1. Largest first and to the nearest Å, give the Cα extent of the chain along each principal axis.
2. Using 1/(1 + (r/R0)^6) with R0 = 56 angstrom and r between the beta carbons of Asn77 and Arg406, what's the FRET efficiency to the nearest 0.05?
3. At 7 Å along the Cα-to-beta-carbon direction for both His236 and Glu181, put a label point, then send me their distance in nm to one decimal.
4. Looking only at the chain, where both bridge partners belong to it, what percent of the DSSP beta bridges are antiparallel (to the nearest 5)?
5. Give the average over all directions of the projected area of the C-alpha convex hull of segment 7-249, one decimal, in nm².
6. Report the Rg/Rh value for segment 1-125, based on alpha-carbon coordinates and the Kirkwood definition of Rh.
7. Which of the helices in the chain meet the span-like rule: DSSP H, Cα axial reach of 27 Å or more, Kyte-Doolittle mean at least -0.5?
8. Once you put a point 7 Å from the Cα of Asp52 and another 7 Å from the Cα of Leu360, both along the Cβ direction, what distance in nm separates them?
Amino acid sequence: MSEYNHTILAIFAHPDDEIGAGSTLARYSDTGVRIVLVCATRGEAATIYCPDCATPDTLAEVRTEELTRACEHLGINELRWLDWPDGGVKDVPREEAIREVVQVIRDVRPTVVITHPENGLYPHPDHLAIWEIVVAAFAAAGDSGQFPEAGSAWAAARLFTRAMPQSFFERAPSLADFRVELNGHLLPFMGTPDADIDVVMHVEPWVSRRMAAWDCHRSQHNPNGFSSVMPDGLRHEMAAHEHFLLAAGVPLPAGVLDDLFAGIEEGDTFMVRRPSPERDSSQEDNENAPLEAPEAGEEAVPTEFVRLLLAELTRHVTLAEVLRIYQHDPRETKQVNLYHELGAGEQEIIYRLARTLRRLGATAGKAEADVASIREARRRERPEPRREYLLNRMEVAYNRLQDNSRSAMSAEERDTWEELAVLAKSAVELLKE
């Protein structure tokens, strides 16, 4: 049994990338969370901003030591290196890179993984490549059929990425104009709409620890860098309120915006999606349906009927979560009875799907709502767009269930899909009233 209740695995491209989540890592370390940092490169190709502290020949060694000392300030329990080439992460054979990160995830067994966002915060090729590798490894690590040589399957609960709210750029226009020069290219920083931020960590007591960690990275103190164009107050605020996006995994409870572990209990097990960076979240294909991670050594291969049932279960868990969010929104007082009734219908569908899976000898596990769909639903703030969104999703579900019934391979399958289609049709009729 681990001495820790939870583990955070942070995976970044370069020494000093950890600073953007530094106050959060220090905060959780102080509460007894195990913190493991993986740095993909030694940062050997970076510009040197302290001629007296490093040379091109010694920079990798210097930056290794800088990060080691920074970790001490942030309470990072373990530091690991992938030793990929600085500036060349995208050139590491992709399958091998994913396998290496899968092996780390399975060895560390984290509750939460943190990495670069899809846009890199600024489009450094190493940041973008790390995002692609980590999001693939996050899914693969929980699937015992992928990379079996990399250890026993482990499905982390959530994958978060760093984020910078758009309001920061609006308050300091110089930030929007700032560019990072890299190999002759000028790379802009990219904000995220404030409404899309999933978690804001309020970590002011740990700001001094983050600043002390940054002081360790002396070789990277660019006098004309990003921090130099940032007002002092905003610099402090950025360190005191760190922002994160939920990229995959267990949805956050409604209204909880200040805890990466909200709603997760020690020992929970999770269903595993198989996303790809190119996946369109609006597509609902069976290929990307979630499958529960088998136990180590288990070779269960779900039938097509079970795959369809699991995919349907995830969709309806997602709809149930959306209805729960809408139902508890104080702006929805006139619609709350509708959402209650629709929610009861969704729970009946979920019950029947789980019952059928048990009868077939398959385990539904702890079904995971689709994060992208939850975020899309939350963007609809007015009752009518919400009703239209739900109607569209229910009509799609009804048509899909009818199609499944028509293509069923047995009477049992046909009866299952027809029963579910009746419930979905009732929801459609409710929304059309």
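None of the figures in this text is laboratory data; all of them are computed from the coordinates on show. Owing to the predicted nature of the structure, the values given are computational and were not obtained by experimental measurement. Neighbour counts are summed over all protein chains in view; Cβ atoms, including those assigned to glycine, are modelled from backbone coordinates with ideal geometry.
1. 78, 50, 43
2. For Asn77 and Arg406, the calculated efficiency is 0.50.
3. Simple spin-label model gives 3.2 nm for this pair.
4. 45 percent
5. Numbers: hull surface 49.7 nm².
Spelled out: convex hull of the Cα atoms, projected over all directions, averaged, 12.4 nm².
6. 0.97
7. Passing helices, by number: 304-327, 336-359, 411-432.
8. Output for this residue pair reads 7.0 nm.
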